[in-house]
Amino acid sequence: MYFLLLLLLSSIKQPGFDAHYEQWISPKIGDEFQLHSFKDIPFFIEEEPLNIEDLLSKEYHWRRDSSFSKQKFQEGKTYWARIPIQLPNTGHHSFFLEFLDQSIEEFEIFLPETDAKYTHFQSGAFLPFKQRPLNHKNHAFQINPKAGIFQLIYVKIKAEHPADTHFAIKDATAFIGYSNNEYLYFGLVYGILTALLLYTLLMYIALRDKAYLFLMLYIFSIQLWFFEKDGIGFQFFWNSWPTVNLTIQPLIEYLLIMSALWFHQSFFATKKHFPKVEKYIVRFGILRTSFLVIELLSNNAIIYLRHFDVIPIGLMIYLSARATKKGYYGAPYILAAIMLIGLTLIMRSAINFGWLPLNPITFHSFPTSLILQLAVVLVAINDRVTKIRTAKRTADEALINQQQENLVLEQKVNRELENKVQERTVEIAHKNAELEKAYAAMEAQSQRIMEMNAHLDLDNYSLKKKLKKERNERIKNKHLSYEEFQEIFTDELACHRYLEEVKWQQEYKCSKCRNKKYAPGQKKFSRRCTKCGYHESITANTVFHGIRFPITKAFFLVYVGANNIKMTQEKLAESLEMRLGTVNAFLKKTKEYKGPHSNLLENL
């Protein structure tokens, strides 16, 4: 079913395609922009190499296609076209044939002469500019009026891109007048661009914002784009190097689209405020750079993948719209500028497809829109700078007012502080007098307290000595129970204090190096040798070292063993709440102990 539908559609005659017939083109004197194209004249695509003699001696399938447009042009194919001209019957006018697309790589024209022969001229972007018959940016040729009123002009073109086949036939006055006006228009355009470039440079010097550097690159790219598109660059700058026409176009378009992206990236600080858009911009930059390298290495084989550049325009519109929604300074103007370029591109596409006619307004619409876009961008920058300066000025004024208020408040506080200081100084003077008086009284009282303390120390010393003597007598003269023994050695601290008193009552001597100087150890009651650093605990080298039950119970067991108190080991274990084996082992240890401090047992 699908195949039958295709067969039916292919059998229908295409609209705008008519059979061969001659329709003479009659130029009007003084008309500067009467345009024609291949849709108005017969043409065919060359299948094998032909010359003018072949065309004149044989019949070929000339055809007309009233719907022919730039987008229907087949790249890399050789087109032959026949232009039937009917010149006005005036003997004093010269006429010129001008093709508007100066970027056509190979262009040949055959103009009739008086003797029914044809003169061959070559032009095109592949040839040096000086080989053109007329020093004009477009492919322009003077028609020989002596060849007759009715003339058939043959044109042979070949392009590696969709070529624009529009041409115009003008008299000399119209041709020169339009050329002068067009060159004047280009001069104004380049002058405006140069002025904008210098203005942006001054803005960068004043503000040091790198967004202006990208804007300068964008303006410079537009200038290069104009140079390449309107033929001014080939005519005046690289006229002896036609190969530049092949390489400069992808470079210019790369700089044009990427500098615009970089400007938006810097203007809106996408890395900080729009990180997702920043990622897409970076990825597109890598992809677009790869396409540029492929274009240059493949001799422009895929140069017309430029519809891919719709992506950055969409990114810039989205970014400007988001920034406008968030209230960024200048964002509405940037959005309007991008929308203007987008609408102009749509209009240019409509012209290329033949949906809109080509006239002076549509022909110069894109350059004019670029100038307007730059003007709007500069308005956006000016609006941004103005608002930033206004906000800064407002902040500075608020800061100055606040500083003035702070100064008044500071002066008021200083006056109050001075009064307070004076009052406080008088008060302090009175207090000092009272304190001196009180200090004298305290000195006298302190002297009395010191004397009392000296008497108390003497009494305490006598009391301790008496208590020690009474305790020793009490232990020696009476066999104490464990409860009575605990009244003397109440806790571990008392036992350790007693050990310190007995163990080192004469002098300290290091167990390792026999040094007699020490410093306090890490634990309480321990001592550290100042010579070898050995730490000796209070129980080291005594029978109490390494025991695993309270030292108060160990003291009582030593007391029982040293005084030969009649008490069974079972009774001892019961009263101390200890295991019988532990009591038996410790008593045996005390009897057999012959360590350096064995006299501790005797003292107990």
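Among the residues of segment 201-221, is any in contact with an Asp or Glu (Cβ under 9 Å, 6 or more places away or on another chain) and among the acidic types (Asp, Glu)? Talk me through it step by step, then tell me what you get.
Looking only at segment 201-221, we keep the residues that are in contact with an Asp or Glu (Cβ under 9 Å, 6 or more places away or on another chain), and these are 203, 221.
Cutting the leftovers down to among the acidic types (Asp, Glu) gives us none.
So far as segment 201-221 goes, no, none of its residues is in contact with an Asp or Glu (Cβ under 9 Å, 6 or more places away or on another chain) and among the acidic types (Asp, Glu).
Tell me the residue from 532, 510 that is at pLDDT 85 or above, open to solvent by less than 30 Å² (accessible area, probe 1.4 Å) and more than 25 Å from residue 489 (Cβ to Cβ), please. Even if it seems obvious, please write down each step before you answer.
Values: 532 fails: open to solvent by less than 30 Å² (accessible area, probe 1.4 Å).
Going through 532, 510 in turn, just one is at pLDDT 85 or above, open to solvent by less than 30 Å² (accessible area, probe 1.4 Å) and more than 25 Å from residue 489 (Cβ to Cβ): 510.
Restricting attention to segment 211-243, report how many residues are closer than 16 Å to residue 378 by Cα, open to solvent by 30 Å² or more (accessible area, probe 1.4 Å) and of a type in the set (A, V, I, L, M). Talk me through it step by step, then tell me what you get.
Within segment 211-243, the first condition is being closer than 16 Å to residue 378 by Cα, and the residues that meet it are 211-220, 222.
If we keep only those that are open to solvent by 30 Å² or more (accessible area, probe 1.4 Å) too, we end up with 213-214, 216-217, 220.
Add one more test, that the residue is of a type in the set (A, V, I, L, M), and what stays is 213, 216-217.
Number satisfying all stated conditions: 3.
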Exercise. Residues in segment 397-412: is at least one surrounded by 10 or more Cβ atoms within 10 Å (Cβ to Cβ) and over 49 Å from the mean Cα position of the chain (by Cα)?
Worked result: yes
Seminar exercise, completed: Exactly one of 22, 32, 98 is among the acidic types (Asp, Glu) and at pLDDT 70 or above, and that one is 98
For this session: Pairs only if they're at least six apart or on different chains, beta carbon under 7 angstrom, first in segment 204-232 and part of a helix (DSSP H, G or I), second surrounded by 17 or more Cβ atoms within 10 Å (Cβ to Cβ) and charged (D, E, K, R); list them, first residue then second.
Result: 230/137; 232/137
Seminar exercise, completed: The correct count of residues that are over 51 Å from the mean Cα position of the chain (by Cα) and not in a strand (DSSP E or B) in segment 81-131 is 14
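Would you point out which residue out of 458, 493, 463 is more than 30 Å from residue 566 (Cβ to Cβ), at pLDDT 80 or above and assigned to a helix (DSSP H, G or I)? First the steps, then the outcome.
Details: 458 fails: at pLDDT 80 or above; 463 fails: at pLDDT 80 or above.
That would be 493, the only listed residue that is more than 30 Å from residue 566 (Cβ to Cβ), at pLDDT 80 or above and assigned to a helix (DSSP H, G or I).
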For this session: Scan segment 106-131 for residues that are open to solvent by less than 20 Å² (accessible area, probe 1.4 Å) and either among the β-branched types (Val, Ile, Thr) or under 28 Å from residue 225 (Cα atoms) (or both) and jot them down.
Result: 107, 109, 123, 124, 125, 129
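Table: residues versus (1) small (Gly, Ala, Ser); (2) open to solvent by 40 Å² or more (accessible area, probe 1.4 Å); (3) within 30 Å of residue 268 (Cα to Cα).
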residue: 149; (1), (2), (3): no, yes, no
residue: 152; (1), (2), (3): no, yes, no
residue: 170; (1), (2), (3): no, no, no
residue: 176; (1), (2), (3): no, yes, no
residue: 185; (1), (2), (3): no, yes, no
residue: 196; (1), (2), (3): no, no, yes
residue: 205; (1), (2), (3): no, yes, yes
residue: 209; (1), (2), (3): no, yes, yes
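Just the residues that are open to solvent by 30 Å² or more (accessible area, probe 1.4 Å) and without any contact (Cβ under 8 Å) to a residue 40 or more places away in the chain, please, taken from segment 244-253. It would help to see each step written out before you state the result.
Residues of segment 244-253 that are open to solvent by 30 Å² or more (accessible area, probe 1.4 Å), as a first pass: 244, 246-247, 251.
Once the filter is applied, which keeps residues that are open to solvent by 30 Å² or more (accessible area, probe 1.4 Å) and without any contact (Cβ under 8 Å) to a residue 40 or more places away in the chain, segment 244-253 yields only 244.
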For this session: Scan 322, 283, 306, 288 and give me the residue that is touching a helix residue (DSSP H, G or I) at 6+ places or on another chain (Cβ under 7 Å), of a type in the set (Lys, Arg) and modelled with pLDDT of 85 or more.
Result: 288
Exercise. Out of curiosity, is residue 540 modelled with pLDDT under 85, of a type in the set (Gly, Ala, Ser) and open to solvent by less than 40 Å² (accessible area, probe 1.4 Å)?
Worked result: yes
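Please verify whether residue 135 is part of a helix (DSSP H, G or I), at pLDDT 85 or above, of a type outside the set (Asp, Glu) and open to solvent by 50 Å² or more (accessible area, probe 1.4 Å), treating the condition exactly as stated. It would help to see each step written out before you state the result.
On the way: part of a helix (DSSP H, G or I): no; at pLDDT 85 or above: yes; of a type outside the set (Asp, Glu): yes; open to solvent by 50 Å² or more (accessible area, probe 1.4 Å): yes.
So residue 135 fails the test.
For (1) hydroxyl-bearing (Ser, Thr, Tyr); (2) exposed (fewer than 14 other Cβ atoms within 10 Å of the Cβ); (3) modelled with pLDDT under 90, each residue gets a yes or a no:
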site	(1), (2), (3)
44	no, no, no
48	no, yes, yes
54	no, yes, yes
59	no, yes, yes
63	no, no, yes
67	yes, yes, yes
72	no, no, yes
79	yes, no, no
Exercise. How many of the residues in segment 515-525 are farther than 21 Å from residue 558 by Cβ and either open to solvent by less than 40 Å² (accessible area, probe 1.4 Å) or out of contact with any Lys or Arg (no Cβ under 9 Å at 6 or more places or on another chain) (or both)?
Worked result: 5
Exercise. How many of the residues in segment 550-565 are in contact (Cβ under 8 Å) with a residue 24 or more places away in the chain, open to solvent by 40 Å² or more (accessible area, probe 1.4 Å) and more than 16 Å from residue 484 (Cα to Cα)?
Worked result: 2
For this session: Could you grab the pairs with beta carbons closer than 6 Å, sequence gap of 6+ or different chains, first residue in segment 479-504 and farther than 25 Å from residue 540 by Cα, second one among the β-branched types (Val, Ile, Thr) and part of a loop (DSSP other than H, G, I, E, B)?
Result: 479/565
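The values are calculated or read from the model by the stated rules, or taken from the named source; none is laboratory data. Worth saying up front: this structure is predicted, and the values here are computed from it rather than measured. For neighbour counting, all protein chains shown are included, and Cβ atoms are generated from backbone atoms with ideal geometry for every residue, glycine included. In case anyone asks, the SASA skips ligands and DNA or RNA and just uses the protein heavy atoms, side chains included. Shrake-Rupley method; radii C 1.70, N 1.55, O 1.52, S 1.80 Å.
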